Amino acid sequence: MGYEVIGHTADIRLKVWGLTEKELFRDALLGMMNLIKPLGRGMSKSRRVVKIEAGDQTALLVDFLNEALYQSHTKKEIYDEVKFNQLTDKNLEAELIGFPVDEFDEDIKAVTYHEAEIKKRPDGQFETTLIFDI
């Protein structure tokens, strides 16, 4: 489980993997949030519920991350935890848990669909590569 930042011209690439789909989605969120502002622990906790429906699992991940990014920008928050109430191949309901920040270190405009494809590796882990438009 985890994530790794991969260099890319004008964008940021993030390779993400996890033993389960939940781990993959969680680590993708944490990787993206860590790019925006290095994760630490804020004193006050905020909670945002997100519900996403998409055509497939990869689109669900990209849409989830874009919604988390939107919430982060509009509420000026960083999310360092996520609790999934529902996660299927096409539906997601989750609670984003985080804390307020004064500013962001990196401005991510969007998560793109380019190169994003959730695959199951021979070792049983799930992985994908995400490209962030900066």
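None of the figures in this text is laboratory data; all of them are computed from the coordinates on show. Here the structure is a predicted model, which means the values were calculated and not measured. Note: ideal-geometry Cβ built from the backbone for every residue, glycine included; neighbour counts use all protein chains shown.
Computed over the chain, relative contact order equals 31 percent, with contacts defined as Cα pairs under 8 Å that lie 6+ residues apart. Using 0.36 nm per residue and subtracting the Cα-Cα separation, the extra length available between residue 113 and residue 91 on full extension is 6.2 nm.
Semi-axis lengths, largest first, of the ellipsoid equivalent to segment 2-133 are 22, 17, 13 Å, with √(5λ) applied to each eigenvalue of the Cα gyration tensor. Other residues within the sphere of radius under 13 Å centred on the Cβ of residue 56, judged by their own Cβ, net out at -3 (K and R +1, D and E -1). Under the criterion of Cα pairs below 8 Å and six or more residues apart, the relative contact order for segment 36-101 equals 45 percent.
Dipole check for segment 2-133: with +1 at the C-beta of Lys and Arg, -1 at the C-beta of Asp and Glu, and the Cα centre as origin, the magnitude is about 360 Debye. Taking every Cα-Cα distance in segment 68-134 and sorting them into 5 Å bins from zero, the calculated P(r) comes out as 4, 13, 16, 21, 24, 14, 6, 2, 0 percent. The count of lysine pairs in segment 1-110 that are at least 8 places apart or cross chains, and whose C-alpha atoms lie under 23 Å apart, stands at 25. Counting every other Cβ atom within 10 Å of each residue's Cβ, 129, 20 order from fewest to most as 20, 129. Here residue 123 and residue 47 are evaluated by their C-beta separation; at R0 = 35 Å the FRET efficiency comes out at 0.55. Segment 90-130 and segment 18-76 have Cα centres lying 6 Å from one another.
For the pair residue 56 and residue 81, a Förster radius of 25 Å applied to the C-beta separation gives a FRET efficiency near 0.45, rounded to the nearest 0.05.
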